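Please read the structure below before turning to the comments.
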Amino acid sequence: MAMKALSKATIYQVAQLAGVSIATVSRALRDSDLVTRETRERVRAAAQQLHFTPSRPARSLAEGRHAANGIVFPDLVGPYYAEVVLGYEAAASAAGSSVLILTTHGRRDPAAAVRELAGRVDGLTVMGRTVDDDVVGGIAGTGLPVVLLARDPVPGVDTVRAGNAGTARALAEHLVEHGHRTITFLGDPARSPDVAGRHAGVKAGLARAGVELPDPVRLKGLDLESGRRAAERLLTGARPDAVICANDEVALGVLVAVEEAGLKVPEDLAVTGWDDLLAARFAGLTTVRQPMRELGATAARWLNRRISEATESSERTAARRRILPTELVVRRSCGVHKEVRS
């Protein structure tokens, strides 16, 4: 397969073509005794084919001295991403690393952008369904430390997520216990692993109670305006008893639409969200509290540990998986005040 060469070639591309890590590329081009003759020749051939000249930043990266890591987000619009960034940056800074941020929303070729970022950092955190598993696997296969955040696992790669299905099931069962029988889910499970987990949990909780969940109302975004527009359509037809929203921003949009229609929450419609944003607390919104800052901080700490392993040439430990707990918070938007830890 032809690869771009000339001045745009990166150490990552050389490593990929030669089938070695970026650290091995750096050592091979410096005639290090740590690399076999056969491997040095293969790396040199790849570098020559790509017209690659190692730059000072590339050498620093390969030797673990970049002092920067990268994080890939689907988007940065909204308080949820802001909270994750704050936690991530604080933990990275404490470890002496700066952070390069990339968003894939609106990019013509997200995979290329992520690969390019991977060539400029010591390690990479990938959040959500921003690029395909084969892209993640390819980057991790070069030896670059990778951590996945709020995403389904990829073999051999660390993954940190918040609990979705179990708490969503508890939320659904709570609504049924309070008499709700026609319930609608707002959010597109195909666009986000988190939303998929929440939808699956809600469906399971309702099924256990003998209540059928109709197909979700699929939104183009997870913002207030998307929620408001979806609610406007719901309120003009056969109105459900309750709406379970994929996140708080969508739920806040529903609250706006209900008020504009001259209706009341929860008397005319129960509404729930997810995240427990500050605005949700002021709005009295029933929601699920998730540790947004801790998600970011955990990913940064794990990535720094992997970078240290790679820099020190220590034996790599097995891939880790962690699911951080979430908590059902019941407020007046469904008629009852209490908190349920899940």
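Laboratory data are not the source of any read-out in this text; all were calculated from the coordinates shown. Values in this document were obtained by computation on a predicted structure and should not be read as measured data. Using ideal geometry, Cβ is built from the backbone for each residue, glycine included, and neighbour counts are taken over all protein chains shown.
Please report the spacing between the Cα centers of region 109-147 and region 66-97 in Å, no decimals.
Rounded to whole Å, the Cα centres lie 15 Å apart.
Contour minus end-to-end for Leu100 and Asp268, with contour as 0.36 nm per residue of separation and end-to-end as the Cα-Cα distance?
On the way: separation 168, 0.36 × 168 = 60.48 nm, distance 4.62 nm.
That works out to 55.9 nm of additional length.
Mind checking the angle between helix 193-208 and the chain's longest principal axis? C-alpha axes, 0 to 90 degrees, to the nearest 10.
40
Per DSSP H run of at least 4 residues, take -39500 (n - 2.57); add these up for the chain, divide by its residues and hand me the 222 nm value, nearest 500 deg cm²/dmol.
Values: 13 runs with 149 residues, N = 342.
Dividing the helical sum by the residues of the chain leaves -13500 deg cm²/dmol.
Region 163-272: which GluC sites (Glu not before Pro) are DSSP loop and have at most 12 other beta-carbon atoms within 10 angstrom?
Numbers: sites: Glu173, Glu177, Glu212, Glu225, Glu232, Glu249, Glu259, Glu260, Glu267; in loops: Glu212, Glu267.
Here the GluC sites (Glu not before Pro) that fit, given the DSSP loop and packing criteria, are Glu212, Glu267.
Mind checking the dipole of the chain: about its Cα centre, +1 per Lys or Arg Cβ, -1 per Asp or Glu Cβ, Debye to the nearest 20? It would help to have the intermediate numbers written out before the result.
Details: 45 positive and 40 negative charges, 162 e Å.
The calculation lands at about 780 debye.
Which cross-chain or sequence-distant (5 or more) residues have an amide H under 5 Å from the amide H of Val126, H modelled 1.01 Å from N in plane?
So Val126 has HN proximity to Val72, Val147, Leu148, Leu149.
Which of the listed residues, Val271, Val99, Val256, is farthest toward the dipole's positive end in the chain, when Lys, Arg count +1 and Asp, Glu count -1 at the beta-carbon?
The residue sitting most towards the positive pole is Val99.
For region 182-265, state which trypsin sites (Lys or Arg not before Pro) are in a DSSP loop and have at most 16 other beta carbons lying within 10 Å of their beta carbon. Write down the numbers at each step before the final one.
On the way: sites: Arg191, Arg198, Lys203, Arg208, Arg218, Lys220, Arg228, Arg229, Arg233, Lys264; in loops: Arg191, Arg218, Lys220, Lys264.
Taking region 182-265 and a limit of 16 other Cβ atoms within 10 Å, the loop trypsin sites (Lys or Arg not before Pro) found are Arg218, Lys220, Lys264.
To the nearest 10 degrees, how steep is helix 292-311 against the longest Cα principal axis of the chain, on a 0 to 90 scale?
So the inclination is approximately 20 degrees.
If I model a spin label as a point 7 Å beyond the Cα along the Cα-Cβ vector, how far apart are those points for Ala318 and Ala261 in nm?
5.1
Antiparallel DSSP bridges in the chain: what percent, to the nearest 5? Don't jump to the answer; show the numbers that get you there.
Details: 7 of 37 bridges.
Beta bridges within the chain, antiparallel portion: roughly 20 percent.
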